[in-house]
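Colleague: Sharing a structure below in structure tokens format, with a few things to ask.
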Amino acid sequence: MSTNQNVKENAIRPPSLLDALIPLLFMITLLVLSIVLFGLDAALGPLQVALFMSAVVAAMVAHKNGHSWQTLGEEIVKGISLAMSAILILLMVGALIGIWNMSGTIATMVYYGVKYIDPAWFYFATALLCGIVGIVTGSSWTTAATLGVAFMGMGAAIGASPAITAGAVISGCYFGDKMTPLSETTILTPQIVGSDVYTHISSMAKATIPAYLISLVMFFFIGRSVSGTSVDLTAVLQALGSVYNISLWNLLPVLVLLLLGMRKFPAFLSILVGTLVGALVAVVMQPAVVTAFANDPSLGYGLAALKSVWLAMANGFTSTSGYEQIDTLFSGGGMDSMLTTIWLILGAMSFGAMMDFGGFNNRLITPVVDKVKSDGGTIAVVMLTALGLNIVAGDQYIAIVLPARMFMIEFRKRGIHPETLATAVENSGTVTSPLIPWNSCGAYMSAALGVSTFVYLPYCFFNFLNFILGMVYGFVGVNIMRLPPEATLPSVPLAEIPMVGLDK
């Protein structure tokens, strides 16, 4: 090492506790202000601005401690690069949703699902179908704003409790959101720590599936007390049948995607194939829908189909059937629908990179982690940190990105596989976000379903159970994956420990 390099290295000062707290408190202040000033619209841009500004403040403190602006800029790029494959997958997920709306794939699932609903099974069916559609769409927000809204209307017609119905919707939505390779959180979390999507889903399933099954049982028994007249769904089913050609063939894209997932094909490839199969189904099975969406009588069907597929992938599908409920349920998707989420991820990753590279994360967690000796205690600290960030920062992505970045080196030191960290983060950061009224997810769910967060909160059985099981599993030693001895690096300087690329 040269003399100049030694001088440069010695000039870098370790951060003080105040240094570490300044960017974190600045971020919390801006996020709270953005929610107060903009409400639900905060997620459309103000939160992203807050994150980027917080990254700038973190960089300024790091520069004060001796890091060069050039190095800090390079580290932000490196931090963002960790999410690039996730960003590409998200763009393809947007394309898939647009195509599946046009092909009638999602409509067919809803058609067969609601056809046999009985009031006594209503809550159970709500949680079950929202879970299935959540897996298919990969989005808790999309599922809640479409199928969830429909179930709220059906519940009102049969005299079901709006609070319990909303709890069932959210329980199903977040189960589906966790158990699919289409979900942005399921994609992003393992990407940050160095795991992969399918390993992540397999690990999460050990607590997520039991929590969901127990929730379904609870909703089933609560549903036994529902009284009222049965919902007449004849008009709804006839409307769906008049817009789409309902057929089991419409479910072919779902089958293909599930098969590719079970064969552990790369997520991007699986979603791309599912999108293309959906496009084929749309062209063959829904010619009237495809032609109407192209909205260009001068084109022959071949070019009209190409235009429709192209638009649905890029900008999403817009239903113009004239049936308001159907047009609301089955419009959306497109790559551009993911841009706000990607913007949010870029901001979170930039801030996370500065907090990590500046040594702020390590400075904050070291005093806490040093006092925790057991694996269960370490997992509990991760989960409580994610929950705390959902409360104080008001955003799900912060509650996922920061704990994943803050604790991954400590998990490596203790010989715990990064997937265990990713699972702990999602068992807390993901499922508790809709339970906080001022969190972006809680605000969204309350607005979409028309029920106050405090009102539906007691009935989000899955979200509570998933958190509790994840915590219990940590303390009893269940689902804790170990690294091989050669993969642990307890004595290596923090800067030399790779963020991703761990050999599994």
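The values are calculated or read from the model by the stated rules, or taken from the named source; none is laboratory data. Quick caveat: nothing in here was measured; it's all calculated off a predicted structure. No Cβ is skipped: glycine too gets one built from the backbone with ideal geometry, and neighbour counts run over all protein chains shown. We work out accessible area using only protein heavy atoms, side chains counted, and drop any ligands, DNA or RNA first. Shrake-Rupley method; radii C 1.70, N 1.55, O 1.52, S 1.80 Å.
Colleague: Once the principal axes of the Cα atoms of region 287-332 are found, what is the range along each, listed largest first in whole angstroms?
Modeller: Reported extents, whole Å, longest axis first: 30, 20, 13.
Colleague: Based on DSSP H runs of at least 4 residues, each adding -39500 (n - 2.57), what is the mean residue ellipticity at 222 nm of the chain after dividing by all its residues, to the nearest 500 deg cm²/dmol?
Modeller: Computed mean residue ellipticity for the chain: -22000 deg cm²/dmol.
Colleague: Above 13 Å lies some portion of the pair distances; for region 150-209, what is it as a whole percent of all C-alpha pairs?
Modeller: 65 percent
Colleague: When the gyration tensor of region 115-247 is built from Cα positions, what are the square roots of 5 times its three eigenvalues, in whole Å, from largest to smallest?
Modeller: 29, 18, 11
Colleague: May I pose another question? Between 158, 21, 97, whose Cα lies farthest towards the positive end of the dipole of the chain when Lys and Arg beta carbons carry +1 and Asp and Glu beta carbons carry -1, centred on the Cα centre?
Modeller: Towards the positive end, the residue furthest out is 21.
Colleague: Can you pull the one-decimal nm distance between simple spin-label points at residue 235 and residue 339, each 7 Å off the Cα toward Cβ?
Modeller: It works out to 3.9 nm between the two label points.
Colleague: Just to check I understand the Karplus step: with θ = phi - 60° and J = 6.51 cos²θ - 1.76 cosθ + 1.60, what whole-Hz values come out for region 354-363, glycine and proline as x?
Modeller: Calculated HN-Hα couplings, in order: 5, 5, 6, 5, x, x, 5, 4, 4, 5 Hz.
Colleague: Starting from the Cα gyration tensor of region 31-94, take the square roots of the eigenvalues, sort them a ≥ b ≥ c, and report rounded, prolate or oblate (rounded when a/c is under 1.5, otherwise prolate if a/b is larger than b/c, else oblate).
Modeller: Because a/c hits 1.5 or more and a/b fails to exceed b/c, region 31-94 counts as oblate.
Colleague: Let me ask something else. Would you please classify the overall shape of region 194-289 from the alpha carbon gyration tensor, given that a ≥ b ≥ c denote the square roots of the eigenvalues, rounded means a/c under 1.5, and beyond that prolate means a/b larger than b/c while oblate covers the rest?
Modeller: Since a/c reaches 1.5 but b/c is at least a/b, the shape of region 194-289 is classed as oblate.
Colleague: Solvent-accessible area per residue for region 325-437 at a 1.4 Å probe radius, Å²?
Modeller: 25 Å²
Colleague: Then there is this: Based on the Cβ-Cβ distance from residue 328 to residue 77, what FRET efficiency comes out when R0 is 41 Å, to the nearest 0.05?
Modeller: Once rounded, the FRET efficiency stands at 0.55.
Colleague: State to the nearest 20 debye the size of the charge dipole of region 129-265 about its Cα centre, where the only charges are +1 on K and R beta carbons and -1 on D and E beta carbons.
Modeller: Dipole size: approximately 280 debye.
Colleague: Nearest 20 debye, what's the magnitude of the dipole of the chain about its Cα centre given +1 on Lys and Arg Cβ and -1 on Asp and Glu Cβ?
Modeller: 760 debye
Colleague: Where q = 0.19 Å⁻¹, what log10 of I(q)/I(0) comes from the Debye formula for region 249-361, counting one point per Cα?
Modeller: -1.06
Colleague: At most 16 other Cβ atoms within 10 Å and a DSSP loop assignment: could you name the trypsin sites (Lys or Arg not before Pro) in region 306-378 that fit?
Modeller: Within region 306-378, the qualifying trypsin sites (Lys or Arg not before Pro) (loop, at most 16 other Cβ atoms within 10 Å) are 371, 373.
Colleague: Beyond 28 Å, what share of the Cα-Cα pairs of region 29-172 remains, rounded to the nearest whole percent?
Modeller: Roughly 45 percent, once rounded to a whole number.
Colleague: Would you kindly calculate the mean projected area, averaged across all directions, of the convex hull enclosing the Cα atoms of region 92-163, in square nanometres?
Modeller: Taking a quarter of the hull surface, the average projection is 4.7 nm².
Colleague: Could you state the orientation-averaged shadow area of the convex hull built on the Cα atoms of region 70-124, in nm² to one decimal?
Modeller: Averaging across all directions leaves 6.3 nm² for the Cα convex hull.
Colleague: Semi-axes of region 373-428's equivalent ellipsoid from the Cα gyration tensor, sqrt of 5 times each eigenvalue, largest first, rounded to whole Å?
Modeller: Its equivalent ellipsoid spans semi-axes of 19, 11, 8 Å.
Colleague: OK, next. So what are the radius of gyration and Dmax for the Cα set of region 121-186, in Å?
Modeller: Reported Rg and Dmax, both Å: 11.1, 36.
Colleague: To continue, here is another question. Just the C-alpha atoms of region 353-485: what Rg/Rh do they give, with Rh taken as the Kirkwood radius?
Modeller: My calculation of the ratio gives 1.01.
Colleague: Let me ask you something else. Percent of accessible area on the chain owned by carbon and sulfur, 1.4 Å probe?
Modeller: Here carbon and sulfur together make up 69 percent of the probe-accessible area.
Colleague: Let me see the P(r) profile for the chain: every Cα-Cα distance counted, bins of 10 Å, each bin given as a percent of all pairs.
Modeller: 4, 19, 28, 25, 14, 7, 2, 0, 0
Colleague: Another question about this same structure. Would you mind checking which residues have amide H under 5 Å from residue 482's amide H? H placed 1.01 Å from N; only 5 or more apart, or other chain.
Modeller: Hits under the 5 Å cutoff: 417.
Colleague: If I stretch the segment between residue 298 and residue 248 completely, what's the gain in nm (0.36 nm per residue apart, minus their alpha carbon distance), one decimal?
Modeller: Result: 14.8 nm gained on full extension.
Colleague: A further question on this structure: Which length gain, in nm to one decimal place, applies between residue 21 and residue 214 when the Cα-Cα distance is subtracted from 0.36 nm times their residue separation?
Modeller: Stretched fully, the residue 21-residue 214 segment lengthens by 65.4 nm.
Colleague: Which of the chymotrypsin sites (Phe, Trp or Tyr not before Pro) across region 36-126 are loop residues per DSSP, with 10 or fewer other Cβ within 10 Å?
Modeller: Hits after loop and neighbour filter: 116.
Colleague: Pulled fully out, how much extra length does the chain show between residue 33 and residue 205, if you take 0.36 nm times their separation in residues and subtract their Cα-Cα distance?
Modeller: So the extension gain works out to 58.3 nm.
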